[in-house]
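The values are calculated or read from the model by the stated rules, or taken from the named source; none is laboratory data. Keep in mind it's a predicted model, so treat the numbers as computed, not measured. Positions of Cβ are backbone-derived with ideal geometry, glycine not excepted, and every protein chain shown enters the neighbour counts. Heads up: the accessible areas ignore ligands, DNA and RNA and are worked out on the full protein's heavy atoms, side chains in. Shrake-Rupley method; radii C 1.70, N 1.55, O 1.52, S 1.80 Å.
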Amino acid sequence: DTFVDEHSLFRGAVVVDGTGTMEIKEVGMSTMMGKMAAEMQSEEVESPLKVKLAKLAKQISTFGYVGAIIIAIALMLSFIVKGGGFSAYFNSGFQIITKDILSAVTLAVVIVVCAVPEGLPLMISLVLMQNTSKMLQKNVLVRKPIGIETAGSLNVLYSDKTGTITKGQLEVVDFFTGKGDSEDTKGKSSIQENFLLSIVKNTGAMFDDSHQIIGGNATDRALLKFLGEETFNQVNEKYQTEAYQGFNSSNKFSCAQIAGLNKTFYKGAPERLLAKATGYLTAQGEVEALDMDMINRRIDSLAERAMRVLAFGYSQKSLVENQIQDDLVIIGFVGIRDDVRQEAKEAITQVQKAGIQVIMITGDRKETAVAIAKEAHLLRHSDDIALTSDELNKLSDDEIKKILPNIRVIARALPTDKSRMVRLTQELDLVCGMTGDGVNDAPALKRADVGFAMGSGTDVAKEAGDIVILDDNFQSIRNAILYGRTIYHNILKFCRFQLMINVAAVIVSALAPFFGIHEPLKVTHLLWINLVMDALGSLALGNEPALERYMLEKPRKRNENIVSAPMFGQILTMGLWLVIISFLFLKLPYFRQFFGTDMQFM
């Protein structure tokens, strides 16, 4: 396998900053990009619906052919009995025997035609296409219609974190002072005024003419979004910057000296600013001593919730490059993170109630992933497992299969980890779904039973996926699962309807000759039943609405029979009822008055 560590550089990566010397370890198909290309060539796994329909088709054809042979033989035996036994019958003449054989063969063919539900393929195509347009209204673009039903059969769903479970953008979630109290930043206290200055003058971002935030990094844009354009413009116009030093990864802070105030404002990592701090600013503008233990506990509590903490302070001294002045006063701290979508929490709970195991697979560090997973209701129990890519790769395939039902989080995940987990899940005969947005996700999306590509993702991912989630929202994935289950239920309803009629048609055709009825169902009748009536039935049953109770059912196995024991009982019961009604209609004298006396089947 390709060796990967924190210093590895993948083929196709873009270096945006810095210089370095590269040593080539792997080339061609041995690179990570090469491995992904090889995985893209693997054969697609058959969808659960195809497996179930293939099994149903085999069962129906077996039933039809065996039934046709048995009934053709029974009919020939009835001719022999009526003819006075074997010797008398075979001495009756070649013409009579040939006519009886043709009658038996014709009946056998009719029974085979009756047994096969010709309307089923048409119905499935109609149901899938009808629901495709409905799904689009729910922000789900279906590229491969068979993928909708597969979504309803999921056992395991591997979901990205960023943008799917979370909002996909950094937000200021908390602000607290040096005293440890959460504070409203919209007032006019000394803390708030200094806080606004330290943000506005310590940023690389700004608002453009269309009121959109541009420039800077993700943290700068999150802070400006928190302030709002009006506040930013007011502060920016009121004060001028004399000197400025931008943030860099070595210093971990930025600073700006403001003209007229004789102050330098700092924004940076808490450990860097607290190391130089002499106290904190109160709402009245006074400076008091810091309780470092309390502040560190507060910062740690935010870090446990996957927040990135930034500190803000000011100095009465002038700006000195790459240096924090030793008279620093702490203004306050903000907690920033990519927050969990509220609707995603609810959707994850609903999907879990549907018996689907949700596993968050992300490139983030383990601590961040675990914190988000707890808040998203993914990690609930003590036996739930969170792994990193390194921990995962130390385990053998058999070891992973044993703990798979308890895995909830895979952090620092590589593209190969996604493909491996899909393969192992399918080897356990489970139906799995995978979300993804990048080029590196394409192999896993293609290999999974259903690939959910994100609408904001790359074209390569969308091409590899079966379904595109236009709003990148886990709630939309949940909707796809609901519609998948609805489609399967609608197919089951049609199968009941179709097979009940076919069973009745087979039995009536098989038994009618023994009751002296010649061809109760002609070819035109069978065509009408199988094509016209069934097609209209499929249109009606295919448009049955999605019911929330479907989300309380457990997933079905990949190779489960479409015709379950209760369903078989329903088909047989209603089929026999139709047979009884049919023979009453064919034999009772009362019904003769409605037809001509020369009708053959009377």
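List the aspartates and glutamates whose alpha-carbon lies under 13 Å from that of K82, not counting same-chain residues fewer than 8 positions away? Candidates past the 8-residue exclusion: D100. Normalised by 2.2 N^0.38 Å, where N counts its residues, the alpha-carbon radius of gyration of the chain equals 1.42. Its residue count N sets the reference 2.2 N^0.38 Å, and the alpha-carbon radius of gyration of segment 307-376 equals 1.81 times that reference. Look at where the Cα atoms of segment 261-276 and of segment 363-424 average out, and the two centres are 38 Å apart. Considering all C-alpha pairs of segment 245-327, those separated by over 18 Å amount to 45%. The packing ranking of peptides 399-405, 348-354, highest mean first, is 348-354, 399-405, where packing means the average number of other beta carbon atoms within 10 angstrom of each residue. Rg and Dmax of segment 491-592, both derived from C-alpha coordinates alone, stand at 16.9, 52 Å. In the chain, taking the dipole from charged Cβ atoms about the Cα centre, the farthest positive-side position among F497, Q192, H525 is held by H525. Take 364-370, 567-573, 128-134 and order them by the average number of nearby Cβ atoms within 10 Å per residue, most first; the result is 364-370, 128-134, 567-573. Here segment 328-343 and segment 80-156 have alpha carbon centers that stand 63 Å from each other. Across segment 298-342, the volume of the C-alpha convex hull divided among the residues equals 109 Å³ per residue. Over the residues of the chain, the helix contribution to mean residue ellipticity at 222 nm works out to -14500 deg cm²/dmol, using -39500 (n - 2.57) for each DSSP H run of at least 4.
Against the main long axis of the alpha-carbon atoms of the chain, helix 218-227 sits at an angle near 80°. Straight-line reach from K138: taking Cα to Cα under 13 Å and skipping same-chain neighbours fewer than 8 places apart, the aspartates and glutamates in range are D471, D472.
When the convex hull of its Cα atoms is viewed from all sides, segment 114-268 shows a mean projected area of 15.9 nm². Computed extension length for E427-Q169: 89.3 nm, one decimal, from 0.36 nm per residue of separation with the Cα-Cα distance subtracted. What the pair-distance distribution of segment 131-170 shows, using all Cα-Cα distances binned every 10 Å from zero, is 24, 41, 32, 3 percent.
Based on alpha-carbon atoms, the Kirkwood radius and the radius of gyration of segment 351-501 give Rg/Rh equal to 1.01. Computed with a 1.4 Å probe on the full set of protein chains, the accessible area for H381 sits at about 120 Å².
Cross-link partners for K587 among the aspartates and glutamates, with Cα-Cα distance under 15 Å and sequence neighbours closer than 8 places in the same chain left out: E519, D598. At q = 0.20, 0.26 Å⁻¹ the log10 of I(q)/I(0) for segment 537-584 amounts to -1.00, -1.05, computed by Debye summation with a single uniform scatterer per C-alpha, solvent ignored. Given segment 406-494, report the % of alpha carbon pairs whose separation exceeds 20 Å. Summing the P(r) tail past 20 Å for segment 406-494 gives 39 percent.
In the chain, the longest principal axis of the Cα atoms and the axis of helix 474-511 are about 0 degrees apart.
Compute log10 of I(q)/I(0) for segment 274-390 with the Debye formula, placing one identical point scatterer on every Cα and leaving out solvent, at q = 0.14, 0.17, 0.19, 0.21 Å⁻¹, to two decimals. Each listed q maps to, in turn, -0.74, -0.89, -1.01, -1.15. Helix 342-353 and the longest principal axis of the C-alpha atoms of the chain enclose an angle of approximately 40°. Ordered by solvent-accessible area of protein heavy atoms (1.4 Å probe), largest first, the residues E230, E375 come out as E230, E375. A 1.4 Å probe, protein heavy atoms only, puts the accessible area of D326 near 90 Å².
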